[in-house]
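K.L.:
Below is the structure I would like to discuss, written out as structure tokens.
Readers should treat all values here as calculations from the given coordinates under stated rules, not as data from a laboratory. Small disclaimer: the values here were computed from a predicted structure and weren't measured. Cβ placement follows ideal geometry from the backbone for every residue including glycine, while neighbour counts extend to all protein chains displayed.
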Amino acid sequence: MDLHPLAMQFGAIAEAYERGRPDYPPEVVERLRAELELPAGARVLDLGAGTGKLTRALLSGGLDVVAVEPQESLRALLTRAVGAERVLAGLAEEIPLDDRSVAAVTVADAFHWFDPPRALQEIRRVLRPGGGLAVLISAVDWSGASWAHEVGTVIMELRPEHPQFDGPSWETSVKAAAGWAPPREIGMSFSQQSDPERIVNHIASMSWMAGLPEDGRRDTLARIDAIIRAGETPAQLPVHLRIGLATLT
């Protein structure tokens with residue numbers, strides 16, 4: 001199965017993704033463990049793990065994590081961070097794990113790239129009875145920066161049709177699938193240190209930005225960088241996190 005054409009773009013911008021995307025603080029893992037009733041050492045699959053932002057937090061939080069990521073360049077950074085023994089190449093629709101082998105599955109900012117019916121069937125297969133799924137969706141809140149409106153306008157004018165915004169929600173997909181209790185969603189927020197370089201890297205890691213022709217991408221990022229550096233950026237920016245939760249029936 002091929003990846004979504006926009007998702008393929010992440011392979012070219014792995015370093016920007018690692019430098020720019022938010023890290024998950026311990027309180028996020030504490031909340032996941034509480035909501036999914038995970039004891040210390042529970043086996044967890046981090047699916048579509050990217051460079052391992054959530055994988056590392058789960059490990060630090062006392063969980064036994066295996067990470068699955070399809071793209072080689074992202075997987076290389078992931079392996080460097082957590083060790084090859086915890087990293088597998090694979091797709092959400094073809095998970096390289098045994099039946100009933102994990103207590104929970106986490107998906108951080110990746111569920112919208114999946115084929116939901118096939119992915120949910122595979123997730124259900126690898127979960128143990130009563131196991132749970134957590135779908136994390138993060139958004140850095142730039143509204144406190146002087147440049148937020150101008151940069152936001154540039155970004156949105158470039159965005160093509162995108163499954164995160166234009167496709168079915170994770171909740172709709174779970175409701176349509178068999179074998180799941182009614183899904184629910186919780187929210188939490190945390191702060192991260194920020195500066196112009198990190199913000200530009202975050203923008204560079206957006207799939208549609210990565211997919212621009214090289215000249216257009218370079219010129220657009222230079223324009224955004226100039227706008228940000230001419231304005232004011234708070235030293236801390238809030239990150240708003242939605243966590244979708246579903247358990248097997």
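K.L.:
Any idea what diffusion coefficient region 193-233 gets from Stokes-Einstein, in µm²/s, Kirkwood Rh on alpha carbon pairs, 10 °C, 1.306 mPa s?
P.N.:
152
K.L.:
Pull out the extension gain between residue 184 and residue 154, defined as 0.36 nm times the separation in residues minus the alpha carbon to alpha carbon distance; nm, one decimal.
P.N.:
7.5 nm is the gain from fully extending residue 184 to residue 154.
K.L.:
Another question, then. Relative to the longest principal axis of the chain, what angle (0 to 90°, nearest 10) does the C-alpha long axis of helix 26-36 take?
P.N.:
With rounding to tens, the tilt is 30 degrees.
K.L.:
How compact is region 166-249 by the rule of thumb for globular proteins, expressed as Cα Rg over 2.2 N^0.38 Å?
P.N.:
Dividing the Cα Rg of region 166-249 by 2.2 N^0.38 Å gives 1.56.
K.L.:
Can you give me the Cα centroid spacing of region 130-151 and region 177-191 in angstrom?
P.N.:
16
K.L.:
Additional query: Just going by the charge dipole of the chain, with Lys and Arg at +1 and Asp and Glu at -1 on Cβ, which of 16, 39, 117 is farthest out on the positive end?
P.N.:
The Cα lying farthest towards the positive end belongs to 39.
K.L.:
Would you mind checking which residues have amide H under 5 Å from residue 108's amide H? H placed 1.01 Å from N; only 5 or more apart, or other chain.
P.N.:
47, 136
K.L.:
Write down Rg/Rh for region 127-195, rounded to two decimals, with Rg from the C-alpha atoms and Rh from the Kirkwood relation over Cα pairs.
P.N.:
1.08
K.L.:
Report ³J(HN,Hα) in whole Hz for each residue of region 219-225, in order, from the Karplus equation J = 6.51 cos²θ - 1.76 cosθ + 1.60 where θ = phi - 60°; Gly and Pro get x.
P.N.:
5, 5, 5, 5, 5, 5, 4
K.L.:
Kindly rank 101-114, 174-187, 194-207, 63-76 from highest to lowest mean number of other beta carbons found within 10 Å of each residue.
P.N.:
Answer by packing, highest mean first, reads 101-114, 63-76, 194-207, 174-187.
K.L.:
Considering the Cα positions of region 64-139, please state its Rg to one decimal place and its Dmax as a whole number of Å.
P.N.:
For region 64-139, the Cα radius of gyration and maximum Cα-Cα distance read 12.2, 34 Å.
K.L.:
Residue-wise, which Karplus ³J(HN,Hα) couplings in Hz belong to region 39-54, taking 6.51 cos²θ - 1.76 cosθ + 1.60, θ = phi - 60°, and x for glycine or proline?
P.N.:
x, 4, x, 4, 7, 10, 9, 9, 9, x, 6, x, 8, x, 4, 7
K.L.:
Two decimals is fine: what is log10 I(q)/I(0) at q = 0.17, 0.19, 0.20 Å⁻¹ for region 17-64, from a Debye sum with one equal scatterer on every Cα and no solvent?
P.N.:
Evaluating at q = 0.17, 0.19, 0.20 Å⁻¹ gives log10 I(q)/I(0) of -0.47, -0.58, -0.63.
K.L.:
Hull surface divided by four, with the convex hull built on the Cα atoms of region 8-164: how many nm²?
P.N.:
Taking a quarter of the hull surface, the average projection is 9.9 nm².
K.L.:
Assign unit charges at the C-beta atoms only (+1 for Lys and Arg, -1 for Asp and Glu), then state the dipole size of the chain relative to its Cα centre in Debye, rounded to the nearest 20.
P.N.:
Computed about the Cα centre, the dipole is about 520 debye.
K.L.:
A further question on this structure: When only Cα pairs under 8 Å and 6 or more residues apart are kept, what is the percent relative contact order across region 62-169?
P.N.:
23
K.L.:
When only Cα pairs under 8 Å and 6 or more residues apart are kept, what is the percent relative contact order across the chain?
P.N.:
24
K.L.:
Same structure again: Once you wrap a convex hull around the alpha carbon atoms of region 99-149, what is its projected area averaged over all directions, in nm²?
P.N.:
The orientation-averaged projected area of the Cα hull of region 99-149 comes to 4.9 nm².
K.L.:
While we're looking at this one, here's another question. First measure r as the distance between the Cβ atoms of residue 212 and residue 125, then evaluate 1/(1 + (r/R0)^6) with R0 = 51 Å and state the FRET efficiency to the nearest 0.05.
P.N.:
0.85
K.L.:
For the chain, what is the calculated [θ] at 222 nm in deg cm²/dmol (nearest 500), taking -39500 (n - 2.57) for each run of four or more DSSP H residues and dividing by its residue count?
P.N.:
Result for the chain: -11500 deg cm²/dmol, rounded to the nearest 500.
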